[in-house]
1. Quick check: the angle from helix B:354-367's long axis to the longest principal axis of chain B, C-alpha only, nearest 10 degrees?
2. Calculate the mean, over all residues of peptide A:241-248, of how many other protein chain Cβ atoms lie within 10 angstrom of the residue's Cβ.
3. Could you list which residues have their amide H under 5 Å from that of B:V229, counting only those 5 or more apart in sequence or on another chain, with H placed in the peptide plane?
4. Any chance you could check the Cα centroid distance between the range A:1-43 and the range B:195-231 for me, in angstrom?
5. At 222 nm, what helix-only mean residue ellipticity would the protein assembly as shown give, in deg cm²/dmol to the nearest 500, using -39500 (n - 2.57) for each DSSP H run of four or more?
6. When only C-alpha pairs under 8 Å and at least 6 residues apart count, what is the relative contact order of chain B, in percent?
7. Taking the alpha-carbon centroid of each part, what is the distance from the range A:261-326 to the range A:71-129 in angstrom?
8. DSSP beta bridges in the protein assembly as shown, what fraction antiparallel, as a percent rounded to 5?
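Just so it is clear, none of the values below were taken in a lab; they were calculated from the coordinates. Every value quoted in this text rests on a predicted model; they were computed, and no experiment measured them. So basically every Cβ, Gly included, is an ideal-geometry build from the backbone, and we count neighbours across all protein chains shown.
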Amino acid sequence: MKMQLEQGRISSRELLVIAFVFTIGSSILLNSSVLVGRNAWLVILAGMVEGLFFAFIFTTLAMRFKGKNLVEINNLIFGSILGKVISLAYLGYFLLVGSLALRTFGAFFVVGFYPETPLIVFIVLEAIVCAYAVRHGLEVIARCSLIFVPIVIIFLVVDVFFLLNQMDLTKLLPFFDVSWSQFLQATQAIAAFPFGETIAFLMIFAYVKEQQKARRSFFLALFFAGIILCVMLAKVIATLGDIVIINTYPFLTSVRLINVAEVFTRLELIIISSILMMGFLKMAIFYYVSTLGLAQVFKLRSYQPLVIPVGIIMIVLSMLIVENTNEMMKLAMYKYPYFALPFQFGLPLLSLLVAAIRGVRVKV
Amino acid sequence: MKKRLKILYLWLILSIIIVTVGCWDRRELDTIAIVTGMGIDTGEVDPEQIQVTAQIVKAAEFQGPTTTGGSGGGQGKPYLNVTNTAETVFDAIREFTHIVNRKLYFPHNQILIFGEQAAKNGLRRYIDFFLRDPEPRLITWVAVAKGKAGDVLETKAELEQLPSLNISQLIEARAATSEVSAVNLRDFMERLMSRTTAPIATLVEVKEHGEQKIAELVGTAVFKKDKMVGTLDKKETRGLLWVLNKIESGIIIVTCPECKDETDKTSLEIIRAKGKIVPELKNGQLEITVKIKEEGNLGCKMCKQDVTNPSHWSALEKEKAQVIQQEVRAALKKAQNLNADIFGFGEAVHKKYPSLWKEWEGEWDKIFPKLKVNVWVEAKLQSTGMITMPASPGWVGNEDAT
């Protein structure tokens, strides 16, 4: 048997935690309410259901090929040449989305806190930290997430708790106050970002120790992430009301409102730092799967030599992918949901069908 | 050897972290001018231009609470008001660097005051900067000055050293009377973004007390979209706050129901109150019912009638409900005359009848002035305070008293 590039193994609980943090990742920052205003928190739930449907398809694929990652699965189903082409398409998508995540966080810091600092500074800093984690492999990323998750959850709870005095839950009413077409469009946007992006985990399922439990943990992760995103967005809408529609970063704006008896104010940096932890994991996972996948496609003996080149590609891509913040927001809202559909839904479904027709299975 | 190298690396990383904090966007304390209040007026020469007044703290002139003048603190004012006129707010603010050597720093800004003329022209032109820039905060108070905003920032405050801080604390102290509305930038923008709800802001007036000019809160400025269309006085403001469920405390003055003496009034203190807007459809006709529940104590009584008498007590409660009713009616009348939905009736209807709302939304300007509003008040009196009957001779053995 060929030596595997990734020797590390993660437990199903670690999978749950990584997938959970990955899903919340950067989408908690961006404004998901542009299309639907105060109904956005309902849209998150609908998007989660659609995302779980996507996840059902690609986890079925992963379950059929236990112990094989995406590149290996593609080789088995489509043969080594077509399989590699399809793998490269996936890897290109992962690189692109990873770069977008880098860009999102970089732009966030520039717009929100450091208007005069060049964007590239933040992007390079993020990439260096991620490169360090990727170099040390999956187990290190998993352990990071285990440390980060309690911190993140504590800060999110603190955030909601401190904003209770500013909230007015009636601002969430009336339910479902938009047309179906807007609702569905927004739902697809949420399903594509963040839920569908978990397609990257097709590269990781193979390294979960308890293969049987992997699927259950994964679904639980998506579900919890959906609930957290929904609660956080409901919090934002209940504090900001209709202003949420025009905000670039509604989450940040709502955190800046915290004022408990003039003592607990200006807490945004503390709470945002916890968001950065989630962002780090999201960037690191995309970085990691791209690097590992490329090494496999090109049959390298180790993926470590690719870490720095891939990092440089991601930095360059994230600088070039969009020209300005405005374009980035438009991309995330209107183009990305349709651009991502083939990778999150089309290709996995096609793979399943071809595998079923050709009767390809993993040999036990 | 390897371990030593690791420790060296660690030191290196730590020193880099410490040395390179904020290379670009660093703001040292001695290079910033902390702004605590902003005033925005139309230009004196060209009304299309914008005159911005910023109140900057002069830390060196600040007098500590123990300083008794003399050597410690300076003799001058602890603040500096700078004024500049330009095309846009941002432009005016940046051009302050021609007058003040430090860059203005906004996160500690307490209050944003708009001049009357600027408010009448519409605030959209001026307010965008305060949301778009990352420095100003949404918890800043919003006020409208009768006259010029810059004058309000020049008023004298006896207990506070900064006029801007004084006004923001006056707004916070309004809870004692609930006769002035307190609106921060978030509330204001939320109303501005609503299709039907009219924005409101605190109304400030500069009054002359002998030689001194002092700032006084006098009520509420009412907007239609982003243009100021009128004002509410203190009583009308409280009428508005009853409906908005923003009453915290206050004094209600009633005539004693027994002696009916107009000069001997009774004051009742509001302890807690709850207001609710209930839209209803009656025979296809939209009606609003405002439900107010109030609870209070007897605060002071000028006549010598026996308040412990149950019939007197309930008569007082009725009188109080009447006064609340009148205040709400006054606010309603003003709002309907101005055709400005300051109560958020439109939003309440939207929430209760989302499907019917689509027809009404465009017509709201026609519906609101004629809207039928029922006011339902339940007022209760809890205690008589530390004494029962008013101080007066001859309670013992008085046949009439019981």
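1. Tilt of helix B:354-367: around 80 degrees.
2. Numbers: counts 9, 9, 10, 2, 1, 5, 1, 2.
Averaged over the peptide's residues, the number is 5.
3. HN-HN under 5 Å from B:V229: B:V222, B:F223, B:K224.
4. Cα centroid to Cα centroid, the span is 49 Å.
5. Values: 25 runs with 366 residues, N = 766.
Dividing the helical sum by the residues of the protein assembly as shown leaves -15500 deg cm²/dmol.
6. Details: 795 pairs, mean separation 47.9, N = 402.
Computed value for chain B: 12 percent relative contact order.
7. If we compute the Cα centre of each part, the gap is 7 Å.
8. Numbers: 55 of 82 bridges.
The antiparallel fraction comes to roughly 65 percent.
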